[in-house]
Structure formats: structure tokens, C-alpha cells
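Report on the following structure.
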Amino acid sequence: MKLRKLSRNKKLVMGLFFSFTLLQYLGVERLSWARSEKVNPSIEIVPTADLELDRAIALYRQGRYEEAIRVFYRILPQLSPAKKTEALFSMADCYRLIGKKAEAIRIYQLLIQNDPSSAFVPTAYFWEGKLLSEQGDFAKAAPALKIAVEKGDPQTSQAASFFLALCQLQTKEEEKGVYRLRELVDKAPDLRVEAAGVLAAYYESILDWAHALEYWSVVARETKDPLAKSKALARSGWAAWKSGQPKEAERFFTQASGGPPYTEGNRLANSGLFQFYLSQKRYKEAIQFYEKHSNGFIETEKEKLLLDLVNAYLEIKDYAKALTLLDSFIAEYPRSTLVDLAAYERVLAHYYLDRSSLETNIEQFSLQYPSSPYLYALLYLKAEDYNRTGRFSLALPLWEKLDSVHSSFVSPEAILLGKANSNYGLEKWAEAASLYKSFLTGYPHSKEVIPVKMHLASCLEKMEEKKEALKLWKEVLQALNKTDPERETCLEHLGVLAFDLKEESLAAETMLKVLNEYPHSPYRGIAAWIVGQHKYEEKQYEAAKEYFSLAREAEPEKLYLAATLMLAWIAYHQGDVEKVCSYVQSYEDNYKSGAETIPTELYYWIASQLLKKEKWEQAALYFKKVVQSANPKDKYYSSSLWLLAETERKLKNWKEANTYYLEFQKSDPNSANNSPVLLGLAETQIALGQFAEAQKNLEEVMLKEPEGENNAKARMLIGDSYLAQKNYKEAAKAYTTLSLIYQDDHITPRAMQKAALSFSKAGDNDQAAFWEKKLKEKYPAFKPDA
């Protein structure tokens with residue numbers, strides 16, 4: 001950077017020049033000479049060389065530098081040493097001011113060599129060093145500038161320090177240079193802005209954006225030059241953006257942006273603000289800003305920014321507009337280094353408008369740009385499209401090809417993931433799992449880590465590595481926020497897998513979240529089922545009932561029957577036989593082949609409960625279900641035959657009762673000839689007219705039990721057999737004998753009643769009246785059976 005350009009240089013040099021020449025030309029000697037000129041007519045003749053020097057200096061002051069140089073050259077040999085030094089300094093200045101730096105440097109060096117103690121020397125060192133630095137010879141410039149710093153007046157010293165700092169930045173003495181510049185910012189008001197500008201540019205070069213922002217801000221605040229201010233604001237915007245201060249960046253860019261007309265600062269700020277909007281995904285603002293200032297961006301960035309505009313349209317899905325811009329770009333800049341990028345983006349835009357166009361457009365691109373690196377990006381797009389459309393067998397070779405070429409336009413990360421997804425789609429679980437594991441090892445901080453872990457967990461499930469899968473699902477869930485869309489899927493898989501692995505509490509806790517947070521989850525039915533199972537195991541029957549009912553409703557095809565059965569079990573535990581019957585009936589009405597059958601235990605319990613309630617017909621129905629469904633060796637089978645026979649007997653369904661008694665005898669030989677069995681069987685036999693068989697069974701009972709209740713029942717049935725055969729005398733004999741030998745409030749009065757009936761049937765009315773009277777006397781409260 002030049003020191004305030006020409007004006008600063010002239011101010012410094014002319015200040016020194018006039019302070020020196022004032023003593024030479026306006027000093028006491030010349031003034032006294034001028035006064036004596038009027039008094040003494042005999043004056044001293046001024047040497048011609050001195051007059052020529054005055055003329056040369058006058059030419060110099062008039063800006064007629066080349067004429068002055070010619071005069072200086074002519075008179076130099078004739079001048080005294082002191083005036084020769086002045087002439088050399090002025091002549092060097094002339095060379096400097098007409099841009100002949102090498103000649104100026106040579107003259108400054110000659111001056112220093114000839115008169116090292118001259119007052120001009122510090123300034124000559126300054127200009128020598130400055131000009132050498134402008135020529136890029138920083139190593140030679142630095143020593144001269146150091147002397148100027150040490151020996152010059154304050155103004156010269158500070159200016160020299162500034163240029164010395166520039167040299168140090170260029171000669172691997174950055175720390176010293178930065179220190180000098182910071183010192184100038186702090187202590188040299190006249191150079192504060194320039195030093196801050198250099199520091200800011202230096203910090204930009206080493207990507208220290210925070211310090212760059214600090215010093216660009218100084219320039220922006222303190223410069224009096226509106227153009228410099230605009231540029232500093234723009235660069236402050238870039239530095240703020242790069243240092244992670246987006247709000248400050250936007251503020252600086254906005255302050256510096258504008259036009260037309262467009263200054264350098266405007267263009268820099270406009271370019272920055274446009275790209276800033278893009279980085280913040282404020283695409284519509286970016287598009288509006290670009291359209292407003294389409295001619296107000298950095299000229300060298302014009303092509304790139306136009307493609308950035310295209311990307312903005314792609315992002316807002318205005319593919320038609322993007323295509324129009326891309327066609328214009330390709331037509332206007334056919335030789336641009338970015339033309340193949342534009343053509344590539346054109347393929348993209350067509351793809352988003354019509355996905356079927358991809359292969360044709362890729363083929364056309366490869367013909368037009370056979371060496372373009374974007375061919376691999378398009379190959380990647382094609383492979384991704386195959387994956388997207390389920391054509392995994394076509395995608396896999398493309399991923400393999402991309403893996404082998406190592407294109408910088410397709411990251412190894414994307415290739416590895418694409419290859420893994422193709423194997424996953426082909427159900428090559430082991431291969432996919434291996435690739436997903438490699439991805440997680442190689443790219444642990446990738447934004448794809450969550451979906452990769454989810455796919456890996458699914459692979460492990462398919463490979464029956466369920467514990468490892470469960471661990472992965474837990475990791476994924478822990479990494480997700482409540483608002484992340486993957487959370488629903490994660491909870492669903494975690495809940496089902498935990499249930500499979502018998503981790504009931506985890507399964508229930510997880511599925512409860514699915515139910516509460518995702519009311520439209522496709523897993524709502526199974527979630528309700530799992531929570532219901534857990535509540536059931538915890539004996540929270542009312543809560544379990546709620547969730548099983550929800551499972552039936554949410555997933556009728558798969559869970560209606562299972563949930564209905566669980567509802568039946570809940571009613572069973574609550575002792576509500578009517579509800580159990582209702583659920584069982586619903587289950588049977590909706591039963592489908594292959595579904596679980598109603599457990600025998602439940603049928604048996606229903607029948608038993610109905611038996612207790614004396615609901616004989618319903619009880620018989622469910623005992624029959626037990627007999628139909630149970631294994632003959634099942635404990636419920638024989639018991640149900642027995643209770644079914646007894647129930648049918650009570651219902652006077654003699655044939656059915658007889659059948660079930662006989663079946664019971666077959667199923668349980670050890671109990672076949674027990675008295676209650678023989679008594680029940682005999683009663684059915686009597687009803688069916690099988691009197692001989694009945695007589696035989698009753699005699700066996702009486703033989704086994706010569707007295708007691710069963711003996712009395714046998715005698716009663718013998719009487720019933722005779723009565724049924726209309727052998728009224730034998731019947732009356734059996735009943736009267738029973739009434740005399742067995743006293744029981746249930747059996748005895750009935751025997752008396754039947755004795756009276758038999759005598760009546762036999763025509764012996766006296767005996768009939770006798771037994772009726774005796775019955776009334778002994779059992780006045782007796783009422784005959786209906």
C-alpha cells in the first residue's frame with residue numbers, strides 16, 4: 001500500500017525540503033545581501049551554477065521534472081558539496097515522481113554515500129526503502145527503512161515504520177511486522193487507518209477472520225474516504241461471516257451494498273450479501289437481490305454468481321426458470337471454464353422436471369463433454385436414481401465403478417452409503433451390514449449416521465442378531481430429538497424388538513410413547529397389544545382391557561382375535577362369566593383358519609361357572625366345547641364328560657346323558673364303576689327303557705354300598721324302573737322298603753310320595769291313602785318335584 005499515495009509522499013518530502021532550503025535561500029546571509037544591494041552599488045556576482053540550481057528547483061516545483069533533471073545533471077559537477085546534496089535529493093525526487101524508480105533509488109543511494117551526515121539522509125533512506133519495496137525487493141528495502149525509522153523525524157520515522165512492517169510481512173518476519181502495524185494503529189493517528197487496512201488484509205490471508213474483522217472495522221469507522229469506507233464495510237461483512245457472526249455479516253454487507261452506480265465496495269458487498277442469503281437458505285431473498293443488482297457484482301465472479309442464482313432456483317423447485325438461465329449461460333459463455341458445470345446442472349433441472357429424461361441427458365452430456373469430471377457426478381445421480389426406484393441390481397455396478405475411479409466430485413462417503421443401500425435393497429443383509437459398519441467407522445460425524453444406524457439395526461434383525469440390533473436402536477433413540485421424523489420409526493422397531501427379546505418393561509414403555517406421540521402410527525395396533533400384555537402381566541386388568549380393545553380396533557385383521565381372547569382372560573380373572581362368554585362368542589364368530597383356538601381351560605371354566613349358576617343348557621354347551629377341543633388325555637376331557645353327562649341328565653336329555661356316561665367310563669376306567677357313575681347311567685337307562693342294564697348297575701351299587709345315601713338312591717331308582725315298567729306292586733314294595741330303612745329329608749319323603757303313587761296305580765287305594773297320610777304327618781312341608 002502506498003503512503004496516502006502521491007499527496008502523502010509530497011507532503012512529507014516537501015516539508016523536509018522547505019525546512020532545509022529556508023536557511024539556504026532565505027537565511028540571514030541572503031537577507032543581508034538583499035539589504036546591501038540598495039546601499040552598495042558594487043555587489044558580488046552569484047555563480048552561474050547556483051542560478052541554474054535555483055532554476056532547476058523552480059522547474060521541479062512547477063512539475064517540469066524531466067527539464068529539471070537535465071539541468072541538475074548539467075550543473076552537478078559545478079556545485080558545492082552542500083548544494084550538490086540538495087540537488088541530488090531534488091533530482092531523485094524528480095525521478096521518483098515520473099515513475100523511474102531505479103534511477104531514483106540510484107540517486108538516493110549516491111546522496112547517502114556522498115554526504116552521510118546530511119539532513120536529507122533519513123528521508124533519502126525512507127524513499128530508497130519505499131521504492132525498493134514497491135519493486136518487490138523487500139530484503140534490500142528493510143535495512144534502509146530501519147535507518148529511516150531510527151534517524152528520521154517523527155513523521156518520517158512513522159512512515160518508514162509502516163513500510164518496514166510491509167517488508168517484514170513479506171520476509172518471514174510476520175510477527176515483527178504485525179507488532180509494528182499494531183503499534184502504528186495505537187500510536188500513529190495519521191497512519192492508523194492505513195495500518196489497520198494492512199493488518200486486516202494480512203489476517204485475511206492467514207484466515208484469522210476475527211482479527212481481520214477487528215481491523216476492517218477500524219478502517220470502516222475512521223476513514224474519511226467514502227470509497228474506502230464502503231470497501232472496508234464489505235470486507236468486514238466477509239470477515240464476520242467467516243468468523244461465525246452471521247448477523248454482523250449481514251449488517252456490514254447491507255451497509256456497503258447498493259448501486260447503481262456501483263463502486264468496488266458495492267460490488268464486493270453485493271456479491272457477499274447474495275452468497276450470504278444463499279448460505280442461509282433464504283433463496284427467494286437471494287433471487288430478488290440478484291435481479292435488483294444484476295450488474296452490480298464482482299465482475300470476475302459474474303459467471304459463478306449466475307450459476308449460484310441457478311442453484312437458488314433449483315432449491316425453490318423452479319426448475320423451468322433454472323433451465324432458462326442455464327440455456328442462456330451455455331449460449332453466452334460457451335468457452336467458460338464453468339460451461340460443463342452449467343450443462344451438468346441442466347441435466348439436474350431436466351431430471352427434476354422429468355425423471356425419465358436422465359439416461360438420455362447423461363448420454364448427451366458425455367458426448368459433448370467427454371472429459372468433464374461432472375460425468376462421475378452424473379453417474380452418481382444415475383446410481384441414486386436406480387436405488388430410489390428399486391433397481392438395486394442396476395445400481396450396484398455403478399457404485400462399484402465410482403468406488404474404483406476415486407472422483408473428487410463424488411465423495412467416498414456417498415459411494416459407500418450408496419453401495420450399502422443397494423445391498424440392503426437386494427436383501428443382502430450381511431453385505432449391507434458390513435458396509436454400514438464401515439461407514440460408521442469411517443464417517444462417525446456424518447449427517448447420515450442416524451439413518452445408517454437404523455438400516456444397520458434392520459439388517460441385524462434380519463440376521464437374527466437381535467440383541468445387537470436392540471442396542472443400536474437404543475443408541476439412535478438417544479441421539480434423536482422429539483421433533484426428528486426418524487423418532488417414530490425408531491420407537492416402533494425398538495418396541496417390537498424389545499418385546500421379542502422378552503424385555504417387557506422396555507417394550508411397554510417404548511410402545512406407550514408410540515401411542516401417545518404418534519396417533520397415526522401404522523404400529524398403533526401392535527403397540528396397544530404390547531402395552532396391554534404388560535398391563536395384564538402386572539394384573540392391571542382395567543388398563544389392559546383398554547389397550548386390548550384399542551388393539552382390536554386399530555389392527556382388526558391381525559389382532560382382533562388375539563386381543564379378544566386376552567379380553568376374555570381379563571374377564572375370567574375378574575370372574576365375569578357373562579363377559580367371558582361374550583368375548584368367546586365374538587372370537588368364534590370371527591375365527592379364521594390358522595388362528596389360535598380357545599384354550600380348553602377357558603371353556604371348562606365358563607362351563608363350571610355356568611353350572612354353579614344352574615344355567616344348565618349353557619353349561620352343557622361349553623362342556624361340549626371342552627370335549628370337542630380337548631385331548632382325551634387332558635384332565636379337562638374326562639371331567640367335562642362327567643359333568644356334561646350329569647348336566648344332560650338334569651335336563652332330562654337322556655340319550656345325550658347316557659352317551660356321555662358311557663364315554664366317561666371309557667375315558668376314565670378307574671372311575672367307571674363308581675356309585676355316582678352307575679347311578680347316573682342307570683337313571684338314563686331307565687328313561688331309555690334299558691331296564692335290565694339299569695337293574696344290573698343298581699344292584700352293583702347296592703352290593704358295593706349296603707347302606708347309606710347311594711344305596712338309598714339305588715333303591716329309589718329300582719322303584720323308578722318298576723314304575724316305568726308299570727310293575728306297580730314291585731315299585732310300591734321298593735319305595736315302602738326305602739321309606740322304612742332310610743331316613744333323609746330329601747330321599748324319604750319322595751320315596752313315600754312314589755309309594756302312594758304306586759299303590760294308587762296298582763288299585764290299592766287304602767295303602768295309597770295310608771302313605772299319603774304318613775307323608776303329610778312326617779313331612780308336612782314337603783312339596784313334590786315339579
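Among all residue pairs at least 6 apart or on different chains, which show Cβ distances below 8 Å where the first residue, located in the range 751-775, is farther than 18 Å from ALA712 by Cβ and the second is of a type in the set (Ser, Thr, Tyr)?
Filtered contacts from the range 751-775: PHE759/TYR728; LYS761/TYR728; ALA762/TYR728; ALA768/SER760.
Give the range 133-149 a look and list any residue that's more than 15 Å from GLU173 (Cβ to Cβ), in a helix (DSSP H, G or I) and either of a type in the set (Gly, Ala, Ser) or modelled with pLDDT of 95 or more (or both), or say none.
Once the filter is applied, which keeps residues that are more than 15 Å from GLU173 (Cβ to Cβ), in a helix (DSSP H, G or I) and either of a type in the set (Gly, Ala, Ser) or modelled with pLDDT of 95 or more (or both), the range 133-149 yields ALA144, ILE147, ALA148.
Among the residues of the range 398-409, is there at least one that is part of a loop (DSSP other than H, G, I, E, B) and hydroxyl-bearing (Ser, Thr, Tyr)?
Yes, the range 398-409 has at least one match.
Look through GLU646, GLU730, GLU683 and report the one residue that is without any contact (Cβ under 8 Å) to a residue 24 or more places away in the chain, acidic (Asp, Glu) and either more than 29 Å from GLN767 (Cβ to Cβ) or part of a helix (DSSP H, G or I) (or both).
Of the residues listed, the single one that is without any contact (Cβ under 8 Å) to a residue 24 or more places away in the chain, acidic (Asp, Glu) and either more than 29 Å from GLN767 (Cβ to Cβ) or part of a helix (DSSP H, G or I) (or both) is GLU730.
Just one of (1) of a type outside the set (S, T, N, Q); (2) surrounded by fewer than 21 Cβ atoms within 10 Å (Cβ to Cβ); (3) in contact with a Phe, Trp or Tyr (Cβ under 9 Å, 6 or more places away or on another chain) trips up ILE69, so point out which.
That leaves (2) as the condition not met.
How about the range 754-773: which of its residues are in contact with a helix residue (DSSP H, G or I) (Cβ under 6 Å, 6 or more places away or on another chain) and either surrounded by fewer than 16 Cβ atoms within 10 Å (Cβ to Cβ) or of a type in the set (S, T, N, Q) (or both)?
Correct list: SER758, SER760, GLN767.
Return the pairs, sorted by first residue and then second, in which the second residue is assigned to a helix (DSSP H, G or I) and buried (at least 20 other Cβ atoms within 10 Å of the Cβ), the first residue lies in the range 215-227 and is of a type in the set (D, E, K, R), the beta carbons are less than 7 Å apart, and the residues are 6+ apart or on different chains.
GLU222/VAL193
For the range 390-408, which residues satisfy the criterion of being in contact (Cβ under 8 Å) with a residue 24 or more places away in the chain and either within 23 Å of LEU323 (Cβ to Cβ) or surrounded by 15 or more Cβ atoms within 10 Å (Cβ to Cβ) (or both)?
Correct list: PHE392, ALA395, LEU396, LEU402, SER407.
Out of everything in the range 47-86 that is polar (S, T, N, Q) and assigned to a helix (DSSP H, G or I), what residue ends up being farthest from PHE120 (Cα to Cα)?
Applying the filter and picking the extreme gives THR48.
Looking at the range 663-684, which of its residues are small (Gly, Ala, Ser) and surrounded by 14 or more Cβ atoms within 10 Å (Cβ to Cβ)?
SER667, ALA672, SER675, GLY680, ALA682
Could you list, in sequence order, the residues of the range 191-214 that are in contact with a Gly (Cβ under 9 Å, 6 or more places away or on another chain) and in contact (Cβ under 8 Å) with a residue 60 or more places away in the chain?
If the condition is that a residue be in contact with a Gly (Cβ under 9 Å, 6 or more places away or on another chain) and in contact (Cβ under 8 Å) with a residue 60 or more places away in the chain, then VAL198 is the only one that fits.
Among the numbered criteria (1) of a type outside the set (A, V, I, L, M, F, W, C); (2) in contact with a helix residue (DSSP H, G or I) (Cβ under 6 Å, 6 or more places away or on another chain); (3) assigned to a helix (DSSP H, G or I); (4) farther than 19 Å from TYR380 by Cβ, which one does SER336 miss?
(3)
Determine the pairs where a residue that is farther than 17 Å from ALA414 by Cβ, located within the range 355-377, has a partner that is charged (D, E, K, R) with Cβ atoms under 6 Å apart, the partner being 6 or more residues away or on another chain.
Every condition considered, the pairs that remain are LEU358/ASP385; TYR369/ASP340; SER372/ASP340.
Tell me, please, whether a residue that is surrounded by 21 or more Cβ atoms within 10 Å (Cβ to Cβ), within 28 Å of GLY99 (Cα to Cα) and of a type outside the set (Ser, Thr, Tyr) can be found in the range 198-219.
yes
Select, from ALA568, ALA607, ALA672, the only residue that is closer than 24 Å to LEU688 by Cβ and either touching a residue at least 60 places away in the same chain (Cβ under 8 Å) or among the hydrophobic types (A, V, I, L, M, F, W, C) (or both).
ALA672
State yes or no: is LYS419 under 26 Å from LEU480 (Cβ atoms), crowded, with 21+ Cβ neighbours inside 10 Å, among the basic types (Lys, Arg) and touching a Leu at 6+ places or on another chain (Cβ under 8 Å)?
So LYS419 fits the description; yes.
Which ranges mark the helices (runs of 4 or more DSSP H) fully within the range 230-314 that have 1 or more residues being free of Cβ contacts under 8 Å to residues at least 24 places away in the same chain and under 16 Å from SER217 (Cβ atoms)?
Correct list: 246-256.
Is it the case that some residue within the range 538-558 is among the basic types (Lys, Arg), touching a helix residue (DSSP H, G or I) at 6+ places or on another chain (Cβ under 8 Å) and surrounded by fewer than 18 Cβ atoms within 10 Å (Cβ to Cβ)?
Within the range 538-558, one or more residues are among the basic types (Lys, Arg), touching a helix residue (DSSP H, G or I) at 6+ places or on another chain (Cβ under 8 Å) and surrounded by fewer than 18 Cβ atoms within 10 Å (Cβ to Cβ).
For the list (1) without any contact (Cβ under 8 Å) to a residue 40 or more places away in the chain; (2) surrounded by 24 or more Cβ atoms within 10 Å (Cβ to Cβ), I need the number of the one condition that PHE163 fails.
(1)
Here are some conditions: (1) surrounded by fewer than 23 Cβ atoms within 10 Å (Cβ to Cβ); (2) of a type in the set (Ser, Thr, Tyr); (3) touching a Leu at 6+ places or on another chain (Cβ under 7 Å). THR123 meets all but one. Which one does it not meet?
Result: THR123 passes all but (1).
Can you name the condition, by its number, that TYR523 falls short on among (1) in contact with a Gly (Cβ under 8 Å, 6 or more places away or on another chain); (2) surrounded by fewer than 21 Cβ atoms within 10 Å (Cβ to Cβ); (3) among the aromatic types (Phe, Trp, Tyr)?
(2)
Among SER236, SER271, which is crowded, with 22+ Cβ neighbours inside 10 Å, under 23 Å from ALA196 (Cα atoms) and among the polar types (S, T, N, Q)?
SER236
For (1) modelled with pLDDT of 90 or more; (2) among the charged types (D, E, K, R); (3) more than 24 Å from LYS535 (Cβ to Cβ), each residue gets a yes or a no:
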| residue | (1), (2), (3) |
| --- | --- |
| GLU617 | yes, yes, yes |
| ASP634 | no, yes, yes |
| SER639 | yes, no, yes |
| GLU646 | yes, yes, yes |
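The values are calculated or read from the model by the stated rules, or taken from the named source; none is laboratory data. Quick caveat: nothing in here was measured; it's all calculated off a predicted structure. Don't worry about glycine lacking a Cβ; one is built from the backbone with ideal geometry, like all the others, and counts go over all protein chains shown.
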